[in-house]
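The numbers here are math on the coordinates, done by the rules we state, and not lab data. Note that the structure is a prediction, hence the values are computed from the model and not measured. Note that we place each Cβ from the backbone using ideal geometry, even for glycine, and neighbour counts take in every protein chain shown.
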């Protein structure tokens with residue numbers, strides 16, 4: 001199996017650091033050329049499923065512009081330019097919850113859009129979390145920090161209460177990783 | 001918790017049916033206004049984790065433009081305009097694998113982008129799949145259909161072999177749903 005090749009790329013929308021759109025000229029393995037393939041660039045991000053020493057999952061009840069109603073959500077945020085994904089995950093956990101964790105396990109790195117690119121999602125499981133400071137996050141959205149036991153998290157995931165795709169991914173992968181222990 | 005309100009919206013890039021970008025003017029609950037919030041519209045899609053009567057998971061080894069190298073992937077594709085998500089899932093399973101399934105279970109509906117929108121992902125678990133026809137998919141990408149047992153799927157997921165976010169989500173949710181049976 002041969003990959004598609006990017007022959008050339010040009011920016012067709014430069015909105016801000018939050019969104020750039022390119023048009024790619026692509027060559028297929030059989031030689032055919034696709035002249036105007038849209039490619040979307042938004043910031044890479046982390047999500048962190050943090051579990052305390054007494055096995056409580058730290059999640060938010062929050063609003064997001066793209067989400068209808070409120071949703072449960074793990075810790076998360078954009079990776080700063082040049083920032084290491086794990087460092088971003090640790091920073092977001094501390095900023096948003098005031099917690100630090102003793103054991104960090106990667107749950108993988110995923111391309112959000114198989115066709116359009118979109119962003120890379122870096123997902124983490126943080127074990128042994130404990131509160132070491134007050135939260136300092138200044139996100140625009142309302143959010144409320146909750147501590148939930150595994151059965152409640154499993155039920156919420158199955159009921160669709162984690163309404164955003166990467167949040168559901170991180171929580172599902174965390175539950176699978178923990179059940180394998 | 002109050003939602004953010006869309007005051008107005010305008011199209012700033014109308015690329016094709018595959019990509020439209022809008023700029024939204026948003027009012028926050030405290031009255032502040034965000035004048036130029038980028039909002040990305042790409043087609044809603046389905047992914048289907050199909051399991052045969054003898055408990056084999058139907059997955060592809062495939063290339064995708066947005067993915068480096070090859071990846072494992074469940075069945076998936078765009079929902080046609082006006083098409084019911086379940087009908088799209090059943091159509092994609094038949095087109096891509098030649099299989100039909102006796103039991104369809106929703107694994108949920110998720111917004112891909114909490115901030116930018118992007119698309120809605122409709123994820124399904126299809127049980128009792130059996131071959132009833134030859135595959136007819138005409139996707140541009142190379143793909144090879146595989147039948148894998150659960151342990152191999154679990155190991156592949158943990159090893160990051162499902163490289164695209166919705167594919168990992170669907171597989172993780174399917175494994176959790178099946179383990180609860």
Requested in this report: Considering the convex hull of the alpha carbon atoms of region A:20-159, report its projected area averaged over all viewing directions, in nm², one decimal.
Outcome: 10.9 nm²
Requested in this report: Between residue B:9 and residue A:147, with labels modelled 7 Å along Cα→Cβ, what's the label distance in nm to one decimal, could you check?
Outcome: 4.0 nm
Report summary line: Projected onto their principal axes, the Cα atoms of the protein assembly as shown stretch, largest extent first, over whole-Å spans of 59, 47, 36
Query raised in the report: Taking other Cβ within 10 Å of each residue's Cβ, how do B:175, B:123 sort, fewest first?
Result: B:175, B:123
Query - Mean ellipticity per residue at 222 nm, deg cm²/dmol - from DSSP H runs of n ≥ 4 across chain B, formula -39500 (n - 2.57) - result: -6500 deg cm²/dmol
Report task. Would you list the P(r) distribution for region A:1-93, with all Cα-Cα distances sorted into 10 Å bins from 0 and each bin expressed as a whole %? Result -> 14, 26, 28, 21, 10, 1
Report task. Set the Förster distance to 25 Å, then compute FRET efficiency between residue A:68 and residue A:17 from the Cβ-Cβ distance, nearest 0.05. Result -> 0.40
Report summary line: So the compactness index of region B:140-181, its C-alpha Rg divided by 2.2 N^0.38 Å, takes the value 1.23
Report summary line: per DSSP, antiparallel bridges as share of beta bridges in region B:45-179, % nearest 5, sits at 80 percent
Report summary line: Per GNM of chain B with C-alpha springs under 10 angstrom, the most fluctuating residue out of B:94, B:86, B:28 is B:28
**Report entry** Shortest-first distances to equivalent copies, position residue B:43, nm, label 7 Å out along Cβ
**Finding:** 3.1
Query raised in the report: If you put a point 7 Å past Cα along the Cβ direction, how far is that point for residue A:179 from the same point in each other copy, in nm, smallest first?
Result: 0.4
Report summary line: Cβ density ranking, 10 Å radius, fewest first, applied to B:51, A:12 yields A:12, B:51
Requested in this report: Pop out the Kirkwood hydrodynamic radius of region B:91-157 from its pairwise C-alpha distances, inverse of mean 1/r, in Å to one decimal.
Outcome: 14.3 Å
Query - Residue order, fewest to most beta carbons within 10 Å, for A:110, A:57 - result: A:57, A:110
Query raised in the report: Where the label is 7 Å out from Cα toward Cβ, how close does residue A:145 come to the same position in every other copy, in nm, shortest first?
Result: 5.0
Requested in this report: Set the Förster distance to 35 Å, then compute FRET efficiency between residue B:137 and residue A:155 from the Cβ-Cβ distance, nearest 0.05.
Outcome: 0.45
Query raised in the report: How far apart, in nm, are the 7 Å Cα→Cβ label points at residue A:102 and residue A:87?
Result: 2.6 nm
